[in-house]
Structures are given as structure tokens and as C-alpha cells.
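K.L.:
First, the structure itself, so that you have it in front of you.
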Amino acid sequence: MKDNGYLCLVLHAHLPFVRHPEEEYFLEENWLYEAITETYIPLIEVFEQLIQEGVFFRLTMSLSPTLVSMLRDPLLQSRYIRHLERLIELSCKEIERTHDQPQYSHLALMYNQRLHKAKEVFVDRYQNDLVAAFKNFQNQGYMEIIASCATHGVLPVLNANPESVRAQICLGVKHYQNIFGCQPQGIWLPECAYFRGVEEILKETGLRYFFVDSHGITHGDPCPRYSIYAPVYCPNGVAAFGRDWESSKQVWSSREGYPGDPDYREYYRDIGYELEYEYLKPYLRPQGFRINTGLKYWRITGPTEEKEVYRPEGAAQKAALHADHFMANRQRQIKYLSSQMDRKPILVAPYDAELFGHWWFEGPLWLDALLRKIAHNGGTLSPITPSEYLKEYPTNQVVYPSPSSWGYKGYNEYWIEGSNDWIYRHLHLAGKRMTQLADRFLSGGRKNPLIQRALNQAGRELLLAQASDWPFIMKSGTTVPYAKRRIKNHLNRFSRIYRDLLGGTIDEHWLNQIEQKDNIFPNINCAHYFRKVT
Amino acid sequence: MGKRPMKKKTVFQKKKAVSRKKKTVSRPPRPRSSTLKKTSPGQAATLWLMVRDPYWIFAAWEITPKDFEKLKAKMKKAFSKAIRVLRVYDITHLEFNGKNANRSFDIEVGKADNRHIPLWQDGIQCCVEIGLKTKKEEFFPLVRSNTVETPSAHPSAQTEEIWMTVKPSSKKGVHQDLSYSSIKKGKRIYLSREDIRRYYERPGPRLRDLLADRLKASYGKRFDRLRLAGEREREKSQRARASDFVHEKR
């Protein structure tokens, strides 16, 4: 059957930079380890299997520079292996413990096998470097990896200091070029947050497109003829693709969304909180507090505290049914839209990658089933990447998108409100000072290597403080003390470098220490990108 | 289906769930990091403005009492009884010179160092000044913020269409764009980058006028004759429609 429209699946993989060499065990580093085991490795396995079986699929993915830096960091890689080995040991112990309880023992065995598999993929197949896996998928033509901003700063909020916005974008692109060895075609704006004018920097850096939430397009100027079902060009020719709300809702929504199905695994019931403390103690951190282990034996069941035992086969069947349902709905959408348009419509469905596997345990299974169904009996629906769509349809309407984000209520409220608004005066002041430093010390002929190092470290500290994750955590009320401490630590380190540079007394020993700690972008001249915009 | 809020979550959000559970051993306290210093000597007064949503903006400032002292000479006796205010300006479509705002309003801020400001309209450009206001309503600004543009809360009323073709050029990494619009279906009138820039420089020219300029440039004197012919044709068709309408009524 003739293709009548396209589905553009976009996975945005991001974690804040949580690397703490100063302590042997650090709770927040678990965010990375859990995401590797539950999301990145399962996704890699799905894609590898599809390629091996000759299933044609196309996917767009962004890997944020902070995530890529952590995935390539030798210290975190070795710590991840240690983490994995302890979990494997715990799963072995669980097989023994549940020996007389068949309903649990096969689950313990399943986790044990998954963990062994994860170790095999991580250590043997990719020699600890998972970024190489994604790079391979791109090189083989199955995936288009796009850039993201340096440390996931919310650009409209940072725009009080235009130099900070420029640095976030340019460093993100530079980092991409260093890692993937090519020019990115598109970019994922952190939190999908767009403001008018940012497209000028995107164009300067050679980027052709970005994504906005639905109302970024529908409230654009003039009113777009094809709504969100075709990209639009900003006045400078950079394309904006709008998120399809219907596709998103079916995966994200708490009411209609798939991940809340009673047959799926319950995230919030982990043996780390369920079993006896003495039994678990060897697998908890030296500090001894309970943590998520990733071993969960129950399913969502319903709105009750009495959870039933998880049945992997039933959940897998449900994932396949949900993939069917998703595809059928997209086909219906496409069928209607293509009758109204002079071109094939495109449905853009962006998701946080960590939803698949970490939050929604069956997410990778669903994705696998969906990609297979589209390849084998998609009929009216084909997978596509934004670059391919722009190649097929280089002529699009000029519409200036409206400022927007995919956060709460569609704007920046989640990142600017009572719990977190205090950070911006400090961030903007530091941004202003960073530009002063860059302008003062980067111009002129001979450059002192120590000054250069201090300048770059100042840039790193500021960038790490600008991450959207810290105000997000403050608002969501999850690990607030950690988020506050991170902002304060980075800004205090920045201020000390600022004073030292102006006073002409750089403490090299201390600088060495913080270079070891906050070692993101080691080979990039970070300070250069903070220079005054002329 | 569903019980968990799945909208926009990240890996670390689970910590909320963690905190609800009973913890057998609490985490040992970490050494407290030092607080952030707000201002430093010699730092110029600064005011930053950020957009929260279509109807709210957020202002934060770094100003010391010493900065306000600078206004003392200008204000003379009025200084002692003056109050600190934020003046919010709507400067949509303006080259703002400090006096030509479309409208403005004041908010008394006392000794606060930030303010969430509600707006009366979406889709505007605005900036803010902080300063002292005397009893006689005289305002003495100290520092002005950056300019921000608030989002539109509604779809645009503009339905004009401009189309653009962007293709990779021979030069690596550079893309060429070509914009056009049309009066009749299939008839393209090409626009320059300057035209597009002018179009979005609101209140810029209407698309119709831009297209007329383009046609004039292409056809020269013939353009007036063509326009007259076009207008005559339009009138003729209008008359025909009116006459059809009369016939139908009869």
C-alpha cells in the first residue's frame, strides 16, 4: 500500500552530570546506573535485534552532552560495573531465597538473566562505551542522532544573558562534533523550550531544525496552514517540527497512557524497601540507607496497596496490544490528515528516553513491537527522521513559532516559581561575570596556560550550575538539598575563580582538584563561547 | 487505565516515592555548603527580566542601597521620602527611548529583590525599570532590564501565507533559502530576505503590500496598468456576483 504519512519517533536521553569522585559511593550516581541497566542497554538490545533481523526502522535520538560525558567517563564506567556485580550477587541470593515461592523465583531468575546480559553488553560487546553503540546505529543509517545543549539549560530563562544561551548551544554542537565526528542536522532544545531569536544561533551553528511543543506551532505567526502536521520555517529558514499531542498523550498521560496499565510492572514497590534490612544490608551503600535495587516483583494491579505478582508474559502481550493500538490510531490520524493536505503529513512523537525501561519497564518491548509492526504492516505509516522529511519537502510555510516549552502548562513556570526563582540572580550574575572574564582574558596575544585553565573551569562551573535539572528538582520536591548544594557548589567555585583571576592569584592546587571533580568538556575551550555577542 | 502521573518525568523523580517509604537508617548529614553571596563591591546595579508564561514575567535585581544613593543628587529633598518601584513598560513594536512606551504601570517593591509580575495581555514585548518614585509621582530610574517577548496565548489571527524553499547549497553546511507567496494559485511572487524581515517587524507592511512592491520592481510602469486592469476585473466580477444575487432574489 502507498505510504500516506510519516511517524517521527524522537527519544531524548538526558541525565544531569552526577559524577562524584570525592566519595567512593554516591547515591545520586545511581540515577546513571539505573538508567544504563533499565533504559540504555535494553534499547540498544532492541535496536540490535531489529537490525539483525533486517527490520527497517528510523528513529531520531538526542543524547545530551552531560549524559554522553558520563557514559564515556572511566570512573563512572568502573563504578557501574561494581554496581552491576553487586546487583547480580543480590539477584543470586534472591533466587535462593525465593526457591520455595515459584511465583517470585522465576522473577528473580529473570532479573538475574537481565543483569548478566547487561554486563555482557556493557563490558564485552561495547568495552564500557555505550555511546559507541548509538554511533553505530547512526552510521548504519537507522538512527539520526541530534545535538542538545551543553548542560541542558532552559534557554528562554537563560536569555537574560544572551552569551549563556550561545555558549549552551555552541558547546553542545561542538561536543557533538567531537563525539560523533560529523555535523548535527538538528537539535533538541532542553525542555523543548523555545524563544524567538534562538533560531539565529541555530543557523549560525549549521543546524537545520529543532522541535517545539504543539502550541509553539499552532500559536505561531501567521496561523500555520497544516498545523503541527508539517514543519514550518522560521523567518531565517531554520525548520521547527511541532510535537503531536495525540501521540504523546497515549504514552505520557496518567489517564489514557499505556504505562499505567494494571498488567505492567509496578515501579514503586522495590525489594530495597520491602525486605528485611539485615538481609539487604550488604547491598546497601556503606551509609546503610535503603535504596531502589531495580528488583520489583509486583504489577500495578490497580488503585490499591495490595499488589499482585508481576507476570512478564502477560505484560509482554499487553505491550504488543498497546503497540497495535498506537499504530492503528496513528494510521487513522494519517488517513484523515493526508486527505486534507497537499503533502504527506508527519506525526512527531518525542519522549524522554528514560521513560522506556526505567519508568515503564515494558517500554522497550512496546517500542520493539511498534517498530516491527510499522516495518511489516505499516501500510499508510512509515518511519522517518526530520532531515529526510525536509529533503522530501524542502518547501514549507514560513511561520514564526510562539515561545513555548513542553513543561507544566506549556511555558516556563516549572523553572521559575517560588521554590526555585532565587537561583536566577546568581546564575545571571555569574553569566555576566563569565563574559567579563572571557572578554578580558581571551583577547590579546600571549596566553598564560594557567589562566586559560582557570577560565575554562569557570565556564564549566557556570554551565553545570545552569542545568534545568536543579530548578526542576526544587519544584518537584524530590532531592531538593542535593539540587541546592549542586547550584551553590558550582557557583561558589565559579566566584572563587572569578576573584582569583581578577586578583591575579590562582590557587593551582585547588584548581587541579576541581578540574578532577567537574571534568565535563575537557577538550573544549569553554570560555571562548561566553564572549560578548556583538 | 493508569494511576501514575507520567507527564514529563525524569529518572530522579522517583526519589519522591522513596521519601514516602519508611527509612530504617537515615542518611547522615553532609557538611553544609556556604551560602551564595548576593552582591559584591563594585558590581553595577543589574535588573534581569524573564518570561514565565503569556501573562507573567519575573524580575530579579542586584542593587545595593548605595546604588540608590546615586539618585540623591538628582532628587534632592524628594529623595528621603521616595519609594522604590518597578515600572513595567509595554514596548511592543517600538524603539524604546524611555518615554515612548505604549503603556506602563508601577509596582512598589520595598526592599524585595525579585518580583513575579502579572500582565494584562499576552504576546507583548516589555521591559522593566527599577527606581525611586516621589510623592509628586516623579520617577527616577536607576537601571533598566533586558527586553522580553511574552508568548501568545492564542492562535494568530494572521492567515497570510509565505512559503520558503530551503535546499543545501554546494557550500558545505550552508543552506540556501528562497521565499515566495502568491496572489493567484500557482503564480509565485518571490520575496527577498529583507521582505521577510520587514514582514515580521511589526507593525510591518502587510504581505499584500510587500507583494505589490515586488511586482512593481519586476514590471516597472506596466505594474500600474496591470493593477488597474486587475481592479477593473475585480469590479466586473463583483458586479456580476451582485447581479446574480439580485436574480436569485427575484
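K.L.:
Residue by residue through the range B:58-110, note down the ones that are charged (D, E, K, R), touching a residue at least 24 places away in the same chain (Cβ under 8 Å) and in a loop (DSSP other than H, G, I, E, B).
P.N.:
Listed by number, the list holds a single entry, B:70.
K.L.:
Here are some conditions: (1) surrounded by 15 or more Cβ atoms within 10 Å (Cβ to Cβ); (2) modelled with pLDDT under 95. Residue A:494 meets all but one. Which one does it not meet?
P.N.:
(2)
K.L.:
Applying the selection to the range A:213-237, what residues are over 20 Å from residue A:9 (Cα atoms), touching a Phe, Trp or Tyr at 6+ places or on another chain (Cβ under 7 Å) and facing chain B (nearest Cβ under 9 Å)?
P.N.:
Within the range A:213-237, A:220, A:221, A:235 qualify.
K.L.:
In the range A:234-257, which residues are among the small types (Gly, Ala, Ser) and either crowded, with 19+ Cβ neighbours inside 10 Å or in a strand (DSSP E or B) (or both)?
P.N.:
Across the range A:234-257, the qualifying residues are A:237, A:239, A:240, A:242, A:247, A:248, A:257.
A quick yes/no check of all residues on (1) surrounded by 24 or more Cβ atoms within 10 Å (Cβ to Cβ); (2) more than 20 Å from residue A:248 (Cα to Cα); (3) of a type outside the set (Gly, Ala, Ser):
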site: A:380; (1), (2), (3): no, no, yes
site: A:391; (1), (2), (3): no, yes, yes
site: A:415; (1), (2), (3): yes, yes, yes
site: A:418; (1), (2), (3): no, yes, no
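K.L.:
Quick check: is even one residue across the range B:129-149 in a strand (DSSP E or B) and within 7 Å of chain A (Cβ to nearest Cβ)?
P.N.:
Checked the range B:129-149: at least one residue is in a strand (DSSP E or B) and within 7 Å of chain A (Cβ to nearest Cβ).
K.L.:
Might you let me know whether the range A:378-392 holds any residue that is within 13 Å of chain B (Cβ to nearest Cβ) and more than 30 Å from residue A:347 (Cα to Cα)?
P.N.:
No, there is no match, as no residue in the range A:378-392 is within 13 Å of chain B (Cβ to nearest Cβ) and more than 30 Å from residue A:347 (Cα to Cα).
K.L.:
Could I ask something else about it? Please specify each residue of the range A:50-82 satisfying the condition of being part of a helix (DSSP H, G or I) and either under 18 Å from the mean Cα position of the chain (by Cα) or at pLDDT below 95 (or both).
P.N.:
Matches in the range A:50-82: A:65, A:66, A:67, A:68, A:69, A:70, A:71, A:76.
K.L.:
Just need a number here: residues in the range A:400-409 that are at pLDDT below 95 and more than 7 Å from chain B (Cβ to nearest Cβ).
P.N.:
Count: 1.
K.L.:
A further question follows. Can you tell me which of A:245, A:188, A:252 is without any contact (Cβ under 8 Å) to a residue 60 or more places away in the chain, on the phi < 0 side of the Ramachandran plot and not assigned by TED's automatic domain parsing to the domain that holds residue A:524?
P.N.:
A:245
K.L.:
Among the candidates A:439, A:421, which residue alone is among the acidic types (Asp, Glu), touching a His at 6+ places or on another chain (Cβ under 8 Å) and either outside the structural domain of residue A:188 (by TED's automatic domain parsing) or not in a helix (DSSP H, G or I) (or both)?
P.N.:
None of the others qualify; the one that does is A:421.
K.L.:
May I ask you to list the residues in the range A:457-487 that are surrounded by fewer than 20 Cβ atoms within 10 Å (Cβ to Cβ) and more than 12 Å from chain B (Cβ to nearest Cβ)?
P.N.:
none
K.L.:
Within the range A:188-207, take every residue that is closer than 23 Å to residue B:52 by Cα and either polar (S, T, N, Q) or not in a helix (DSSP H, G or I) (or both) and give me the one that is nearest to the other protein chains (Cβ to nearest Cβ).
P.N.:
My answer is A:196.
K.L.:
Quick check, is residue A:419 within 11 Å of chain B (Cβ to nearest Cβ) and not β-branched (Val, Ile, Thr)?
P.N.:
no
To keep it simple, each residue is scored yes or no on (1) outside the structural domain of residue A:148 (by TED's automatic domain parsing); (2) in contact with a Phe, Trp or Tyr (Cβ under 9 Å, 6 or more places away or on another chain); (3) under 16 Å from residue A:129 (Cβ atoms); (4) in a helix (DSSP H, G or I).
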residue	(1), (2), (3), (4)
A:24	no, no, no, no
A:41	no, yes, yes, yes
A:48	no, yes, yes, yes
A:85	yes, no, no, yes
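K.L.:
Residues that are under 30 Å from residue B:58 (Cα atoms) and not acidic (Asp, Glu): which helices (runs of 4 or more DSSP H) entirely in the range A:102-183 hold 2 or more of them?
P.N.:
Ranges flagged: A:155-158, A:162-180.
K.L.:
Give the range A:446-456 a look and list any residue that's part of a helix (DSSP H, G or I) and either without any contact (Cβ under 8 Å) to a residue 24 or more places away in the chain or surrounded by 23 or more Cβ atoms within 10 Å (Cβ to Cβ) (or both), or say none.
P.N.:
Passing the criteria: A:449, A:454, A:455.
K.L.:
Additional query: From A:23, A:29, A:48, which residue is surrounded by fewer than 24 Cβ atoms within 10 Å (Cβ to Cβ) and touching a His at 6+ places or on another chain (Cβ under 8 Å)?
P.N.:
Criteria check complete, one pass: A:29.
K.L.:
Which residue, of A:144, A:89, A:163, is among the charged types (D, E, K, R) and surrounded by fewer than 18 Cβ atoms within 10 Å (Cβ to Cβ)?
P.N.:
A:89
K.L.:
Being at positive phi and under 24 Å from the mean Cα position of the chain (by Cα): is that true of residue A:357 here?
P.N.:
yes
K.L.:
Which of the numbered conditions does residue A:44 fail, given that it passes all the others? Conditions: (1) away from chain B (no Cβ under 14 Å); (2) in contact with a Lys or Arg (Cβ under 8 Å, 6 or more places away or on another chain).
P.N.:
(2)
K.L.:
Here's another thing I want to ask about it. Please find, among A:274, A:313, the residue that is loosely packed, with under 14 Cβ neighbours inside 10 Å, under 20 Å from residue A:105 (Cα atoms) and under 31 Å from the mean Cα position of the chain (by Cα).
P.N.:
Going through A:274, A:313 in turn, just one is loosely packed, with under 14 Cβ neighbours inside 10 Å, under 20 Å from residue A:105 (Cα atoms) and under 31 Å from the mean Cα position of the chain (by Cα): A:313.
K.L.:
Oh, and also: Have a look at A:210, A:241 and point out the one that is more than 10 Å from chain B (Cβ to nearest Cβ) and either at pLDDT below 95 or closer than 21 Å to residue A:166 by Cα (or both).
P.N.:
On inspection, the qualifying residue turns out to be A:210.
K.L.:
Taking the range A:360-387, which residues are of a type outside the set (A, V, I, L, M, F, W, C) and touching a strand residue (DSSP E or B) at 6+ places or on another chain (Cβ under 8 Å)?
P.N.:
A:362, A:363, A:364, A:380, A:382, A:383, A:385, A:386, A:387
K.L.:
Take residue B:124 and tell me if it is out of contact with any Asp or Glu (no Cβ under 8 Å at 6 or more places or on another chain) and within 14 Å of chain A (Cβ to nearest Cβ).
P.N.:
So residue B:124 does not fit the description; no.
K.L.:
Let me ask you something else. Among the listed residues A:173, A:198, A:212, which satisfies the condition of being out of contact with any Pro (no Cβ under 7 Å at 6 or more places or on another chain), buried (at least 22 other Cβ atoms within 10 Å of the Cβ) and of a type in the set (Val, Ile, Thr)?
P.N.:
Being out of contact with any Pro (no Cβ under 7 Å at 6 or more places or on another chain), buried (at least 22 other Cβ atoms within 10 Å of the Cβ) and of a type in the set (Val, Ile, Thr) holds for just one of A:173, A:198, A:212, which is A:198.
The values are calculated or read from the model by the stated rules, or taken from the named source; none is laboratory data. Just so it is clear, the model here is predicted, and its values are computed rather than measured. A quick note on method: Cβ atoms are made from the backbone with ideal geometry, for glycine too, and the neighbour counts reach across all protein chains shown.
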